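These notes concern the structure reproduced below.
A short reminder: the numbers here are calculations on the coordinates, not readings from a lab. A quick note: this is a predicted structure, and the numbers were derived from the prediction, not measured. Cβ placement follows ideal geometry from the backbone for every residue including glycine, while neighbour counts extend to all protein chains displayed.
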Amino acid sequence: MIRPATVADAAAIGEVHVASWQAAYAGLIPADFLARLSAEPRAASWARRIGDGGPVLVAEEDGVIVGFAAYGDGRLYALYLLPEYWGRGLGRALHDRVVEELSGDSVVLWVLSTNERAKAFYVRQGWVDDGATQTETIDEGRVTLEERRYRRSLP
């Protein structure tokens with residue numbers, strides 16, 4: 001089931017966010033940074049976003065939140081699933097629901113340039129690398145993320 005997130009979902013979203021980063025970015029982002037990730041700050045951030053009305057959807061299976069997507073303003077900001085749910089169609093279902101919710105002519109997202117799994121997923125969903133790049137730093141400047149922008153027309 002896919003539904004709008006509530007503030008009460010923030011703790012579970014934080015757990016999904018951390019578990020997904022630790023699995024998806026292993027070998028792509030320094031291991032010490034991934035090991036230090038904590039769900040509590042992520043949960044607090046998601047609670048603020050949801051409380052402020054930022055659109056977030058959750059994927060639930062048997063009453064457990066196993067994934068989420070955040071979007072708005074012509075952008076897909078995040079789409080993450082617990083690793084054990086990868087490849088089961090839930091990511092595609094979350095993605096498709098986000099596309100239904102967005103308005104305008106097109107939408108963009110940013111993907112870690114070395115994340116081949118995510119890039120392949122988005123290409124299968126009709127996204128195209130438009131050539132734009134950006135560099136973001138996290139962990140007080142100790143981790144640099146090189147990202148590529150993907151664009152997709154909306155129905």
Problem - Relative contact order of the stretch 16-155, defined on C-alpha pairs under 8 angstrom at six or more residues apart (%) - result: 21 percent
Practice task
Give me the number: length gained by fully extending residue 48 to residue 151, i.e. 0.36 nm times residue separation minus the C-alpha to C-alpha distance, one decimal in nm.
Solution key: 34.4 nm
Handout entry: Simple Cβ-charge dipole of the chain, Lys/Arg +1 and Asp/Glu -1, about Cα centre, in debye nearest 20
Key = 260 debye
Completion exercise
Unit-weight point scatterers at every alpha-carbon of the stretch 14-69, Debye formula, q = 0.17, 0.18, 0.23, 0.25 1/Å: log10 I(q)/I(0) is -0.62, -0.68, -0.96, -1.03
Fill in the blank from the handout: Length-normalised contact order of the stretch 1-87, Cα under 8 Å, at least 6 apart, in percent, tallies to 36 percent
Practice task
Using the Karplus curve 6.51 cos²θ - 1.76 cosθ + 1.60 with θ = phi - 60°, work out ³J(HN,Hα) for each residue of the stretch 94-104 in order, rounded to whole Hz, and write x for Gly and Pro.
Solution key: 4, 4, 4, 5, 4, 4, 5, 7, 6, 10, x
Handout entry: Extension gain (nm, one decimal) between residue 124 and residue 64, 0.36 nm per residue minus Cα-Cα
Key = 18.9 nm
Fill in the blank from the handout: Residue span residue 6 to residue 73: 0.36 nm per residue of separation minus Cα-Cα distance leaves a gain in nm of 22.2 nm
Completion exercise
In terms of the charge dipole of the chain, which places +1 on Lys and Arg and -1 on Asp and Glu at the beta carbon, the residue among 7, 45, 111 farthest towards the positive end is 111
Fill in the blank from the handout: One finds, for residue 84 and residue 136 with R0 = 25 angstrom and r their Cβ-Cβ distance, a FRET efficiency to the nearest 0.05 of 0.35
Problem - Integer Hz, Karplus 6.51/-1.76/1.60 couplings in order for the stretch 21-36, x for Gly and Pro - result: 4, 4, 7, 5, 9, 4, x, 10, 10, x, 4, 5, 5, 4, 5, 7
